[in-house]
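Inspection log for the structure reproduced underneath, given as C-alpha cells.
The values are calculated or read from the model by the stated rules, or taken from the named source; none is laboratory data. Fair warning: this is a prediction, and the values are worked out from it, not measured in the lab. A quick note on method: Cβ atoms are made from the backbone with ideal geometry, for glycine too, and the neighbour counts reach across all protein chains shown.
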Amino acid sequence: MRAIVLLVAVLALIATSMASSLKVDPKCARLCKISRMAGPHCLRRCAVVSDVTTLSDSFSSVKCSTTSNLNVRTDAGKLAGSQLSKGAKVTVTTTKNMLGLNYSKIGNNRWVATKYLGSCGSAPKPAPSTGGVSVAQLQRIMPGLASSKANAYISHINAAMSWGQITTCARKSAFLAQLAHESGQLRYMEEIASGAAYEGRRDLGNIYPGDGKRYKGRGPIQLTGRANYRAAGKALGVDLEGNPTLAATPKWGFKIAAYYWKSRSLNQYADQNSQAGFDQITRRINGGYNGKADRDQFWRRAKSVLGC
C-alpha cells in the first residue's frame, strides 16, 4: 500500500513538473521512495529549480515592492542574502516560473516573487512639519531610542527647539540629526570618558586643577570646558559653571544644545535644506567631518519623517 501511495505521488509530481517545465531528479525520487522521509514533501525537493520556463523576455516595467523584507533569489532559486524594503522601486525585465511561483527579474542574478510587486503610483508627500515633533516621529528618526527616554525627553526637546527658533522642517531635521549622532541616539547625556584629557586645556577655559573632569562633555551635544559652561549658563540664566552636572539633565541639556545651535547661527545653513548646507553644520559642530555618513543618514531620515 505504501509503495502504491509513493508511486502516485511520484507520478503527480512528474505531471506537475511537465506542466510547469520543471524537471524531477530521478535519483532523488528513488531515495525518497526508500527513505523514512518519503512523501510529497520529500518528493517536491526533487524538482530541479534551475530548469525554468521564461514567460517573457521582451519587456521592461518599473514596479514597487508592496511588502517589507521581500526576499531576493538567484537565477537558481536560492536566497541571494538580500531583501527589498516596502516601496522599493525596481525595473522588471522578464518573468519566469520558479519554485512553483511566478518570479520577476530585477537585475543580474536577482529575482523576486511577482505577486509582491505592484504599481508605484505617486504617494502623497507628508505635510511639512512646522510645530514640535511627536514621540512617534522622534523614534522613527532615532530607531535606537527607547520609548521610556523618548517620552521623558520629548517636552524638553520641543521647548528647546522653540527657544532656538528651530521650528521649520528643515531646521528640525538638521538639529535632530546632529543630536542623534553626537549622543548615540540620545543614549548618552554625559561623555563616557573621564574628562582627564581636557585637563589644562586653556582654550576651553580649563585653568584650574580638576577642570578637565569637572567640565567634561555633557548634554546631547557634549558641552565641554569651563568657558563654554560659563557662556551657556549666562545665556540660559542658570549657573552651569557652579553646577556643571545640570548640563546632563534633560531640562538643561537640550536647551544647551539649542543655545549652541543658535549662538553659531546654524539655522542659516539648515534653511538651505541641502547637502552642502548640512555639511557646513557638521563642520561647525565637529570641526571637521567625522561621522559624516552617520550624520547624513539621520538627516535624510529626519527629512523623510517630518516631510521636507
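Just a few scattered comments:
- Filter pass, S65 being at pLDDT 80 or above and exposed (fewer than 11 other Cβ atoms within 10 Å of the Cβ): no
- Of the residues making up segment 147-188, those that are without any contact (Cβ under 8 Å) to a residue 40 or more places away in the chain and over 15 Å from F254 (Cβ atoms) are S147, S148.
- Scanning segment 158-173 for residues that are hydroxyl-bearing (S, T, Y) and assigned to a helix (DSSP H, G or I) turns up S162, S173.
- Residue match in segment 248-258 (condition: assigned to a helix (DSSP H, G or I), of a type in the set (V, I, T) and in contact with a Phe, Trp or Tyr (Cβ under 7 Å, 6 or more places away or on another chain)): no
- The test for being crowded, with 16+ Cβ neighbours inside 10 Å, touching a helix residue (DSSP H, G or I) at 6+ places or on another chain (Cβ under 6 Å) and more than 20 Å from E182 (Cα to Cα) does not hold for N267.
- The number of residues in segment 94-123 that are part of a loop (DSSP other than H, G, I, E, B), over 22 Å from the mean Cα position of the chain (by Cα) and at pLDDT below 85 comes to 5.
- Any chance I221 is within 17 Å of I157 (Cβ to Cβ) and among the β-branched types (V, I, T): yes
Condition check ((1) assigned to a loop (DSSP other than H, G, I, E, B); (2) within 30 Å of Q275 (Cβ to Cβ); (3) at pLDDT below 95; (4) in the same structural domain as N102 (by TED's automatic domain parsing)) across all residues:
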| residue | (1), (2), (3), (4) |
| --- | --- |
| K125 | yes, yes, yes, no |
| S148 | no, no, yes, no |
| H156 | no, yes, no, no |
| F175 | no, yes, no, no |
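- Considering residues of segment 162-214 that are closer than 19 Å to G242 by Cα and of a type in the set (F, W, Y) only, the residue surrounded by the most Cβ atoms within 10 Å (Cβ to Cβ): Y198
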